[in-house]
1. Within the group Ile20, Ile2, Ile42, which residue is surrounded by 10 or more Cβ atoms within 10 Å (Cβ to Cβ) and in contact with a helix residue (DSSP H, G or I) (Cβ under 6 Å, 6 or more places away or on another chain)?
2. Taking Lys52 as the residue in question, decide whether it is out of contact with any Cys (no Cβ under 8 Å at 6 or more places or on another chain) and either in the same structural domain as Asn87 (by TED's automatic domain parsing) or surrounded by 12 or more Cβ atoms within 10 Å (Cβ to Cβ) (or both).
3. Among the residues of the stretch 23-39, write down those that are of a type in the set (Asp, Glu) and surrounded by 11 or more Cβ atoms within 10 Å (Cβ to Cβ).
4. What tally of residues in the stretch 58-67 results from selecting those that are in a helix (DSSP H, G or I) and surrounded by 10 or more Cβ atoms within 10 Å (Cβ to Cβ)?
5. Being modelled with pLDDT of 90 or more, surrounded by 12 or more Cβ atoms within 10 Å (Cβ to Cβ), under 17 Å from Val75 (Cβ atoms) and assigned by TED's automatic domain parsing to the domain that holds Lys72, is that true of even one residue in the stretch 147-165?
Amino acid sequence: MIDDQGEQLGIMQPFEALKIARERGLDLVEVSPNAIPPVCRIQDYGKFLYEKDKSERAARKKQKVIVVKEVKFSVTVDEHDYQTKKNQAVRFLNEGDKVKASLRFKGRQMAHRELGYAIINRLIQDMGETGVVEFMPRMEGTTLHAILAPGKKSEAQRAPKPAAKPPAPQQAPVNTQVTAQS
């Protein structure tokens with residue numbers, strides 16, 4: 001038996017412990033039911049639940065939610081479009097999100113799957129250390145998928161940098177010319 005101050009009261013019967021708790025206007029809570037003898041504590045159960053909920057909310061607030069963002073390609077992608085989508089993928093990876101690169105084959109394009117694999121593999125090569133391949137390119141129906149996760153280098157870039165000192169304000173030059181008036 002532990003009281004509300006955290007001091008041990010010793011081993012006692014449950015009805016005696018409940019009587020002490022009611023005298024103090026608190027609750028008797030079984031803390032460790034598997035211990036021999038079971039451990040009970042005198043405390044305000046509502047306050048205990050509130051503190052527990054508060055600490056769980058704080059833990060959830062600190063969690064980083066990983067989002068998977070998708071970049072879609074086609075077999076007939078032009079060079080500029082490819083570069084634009086590659087830059088988007090790099091930006092997503094630098095922000096800490098995963099990137100799903102997908103390429104959909106339409107109609108007769110299924111006969112030339114090697115072109116799709118070439119585009120996705122080129123993207124993986126161009127990522128370098130920015131992204132790490134989590135799932136190698138694979139076909140699912142008419143779509144070719146690959147998933148990239150942020151690399152070690154991009155995680156280091158996301159670390160907050162110390163703020164630079166603002167430049168000192170410059171004073172306006174003083175006009176030292178004197179004009180004579182007659």
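1. Selected residue: Ile42, the only one of Ile20, Ile2, Ile42 that is surrounded by 10 or more Cβ atoms within 10 Å (Cβ to Cβ) and in contact with a helix residue (DSSP H, G or I) (Cβ under 6 Å, 6 or more places away or on another chain).
2. The answer is no for Lys52.
3. Residues satisfying the conditions are Asp27, Glu30.
4. Total meeting the criteria: 0.
5. Taking every residue of the stretch 147-165 in turn, none turns out to be modelled with pLDDT of 90 or more, surrounded by 12 or more Cβ atoms within 10 Å (Cβ to Cβ), under 17 Å from Val75 (Cβ atoms) and assigned by TED's automatic domain parsing to the domain that holds Lys72.
Conditions tested, residue by residue: (1) closer than 30 Å to Leu28 by Cα; (2) in contact with a Phe, Trp or Tyr (Cβ under 7 Å, 6 or more places away or on another chain).
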{"residue": "Lys52", "(1), (2)": "yes, no"}
{"residue": "Ala58", "(1), (2)": "yes, no"}
{"residue": "Lys69", "(1), (2)": "no, yes"}
{"residue": "Thr76", "(1), (2)": "no, no"}
{"residue": "Lys86", "(1), (2)": "no, no"}
{"residue": "Phe92", "(1), (2)": "no, no"}
{"residue": "Glu95", "(1), (2)": "no, no"}
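The values are calculated or read from the model by the stated rules, or taken from the named source; none is laboratory data. It should be emphasised that the depicted structure is a prediction, and the values quoted were computed from it without experimental measurement. Cβ atoms come from the backbone with ideal geometry, glycine included; neighbour counts cover every protein chain shown.
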